[in-house]
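Here's the structure, in structure tokens; my notes come after.
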Amino acid sequence: MFGLLALLSAAIFFGAAIYINLAEQPARLALDDRAALIQWGPAYKRGFAMQASLAVLSGLLGLAAWWDHGDMLWLLGAAFILANWPYTLFVIMPVNHRLEATMVDGANGETRKLLVQWGKLHAGRSVLGGVAAFVFFLANLPSA
């Protein structure tokens, strides 16, 4: 049961991350700089809360499945989904802080560049979530 729930939560994480990259970010970049920045703030806060929770939940469920079954695929999947935390904190967060400072001061010439950079960095979260979901899928396959 832990394994199926790990797969489900990783797949939801991946779906949300891909949605951000393929739908929300292009729509945001179609706006002028000021409007795009205004949209990014609350969207990021809500998305972060959802994806952070899903990453932790999926990682813990993957670890529980590994504990139950001993299959290293569960541990590998948990490592990929949990890698979103350090990736976000050390790679994406510096850009977030610059965007948040821009929100206080108002959109400027750097705003568009930062939003584009943020979108590219967020794609890394999509990759980590997709790999984790795929590994959990493999781990869920019946043994031969």
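Taken together, the values in this text are just the output of simple stated rules run on the coordinates, not laboratory data. Note that this is a predicted model, so its numbers are computed, not measured. Every residue, glycine among them, receives a Cβ derived from its backbone with ideal geometry; neighbour counts consider all protein chains shown.
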Exercise. Looking at ARG28, ARG46, which one is surrounded by 18 or more Cβ atoms within 10 Å (Cβ to Cβ) and of a type in the set (D, E, K, R)?
Worked result: ARG28
For this session: Name the residue, out of GLY70, GLY77, that is free of Cβ contacts under 8 Å to residues at least 24 places away in the same chain, out of contact with any Asp or Glu (no Cβ under 7 Å at 6 or more places or on another chain) and not basic (Lys, Arg).
Result: GLY70
Seminar exercise, completed: Residue pairs within 8 Å by beta carbon, gap of at least six or interchain, first lying in segment 24-51 and without any contact (Cβ under 8 Å) to a residue 40 or more places away in the chain and within 28 Å of PHE80 (Cβ to Cβ), second among the small types (Gly, Ala, Ser) and surrounded by 14 or more Cβ atoms within 10 Å (Cβ to Cβ), listed first then second, are GLU24/ALA43; GLY47/ALA16; MET50/ALA16
For this session: Scan GLY106, GLY62 and give me the residue that is loosely packed, with under 13 Cβ neighbours inside 10 Å, of a type outside the set (A, V, I, L, M, F, W, C) and more than 16 Å from the chain's Cα centre (by Cα).
Result: GLY106
Problem set entry | Candidates LEU128, LEU138, filtered to the one that is hydrophobic (A, V, I, L, M, F, W, C), under 28 Å from LEU5 (Cα atoms) and within 13 Å of the chain's Cα centre (by Cα) | LEU128
Exercise. Does segment 1-19 hold any residues that are within 15 Å of the chain's Cα centre (by Cα) and either under 17 Å from LEU121 (Cβ atoms) or outside any helix (DSSP H, G or I) (or both), and which are they?
Worked result: PHE13, PHE14, ALA16, ALA17, ILE18, TYR19
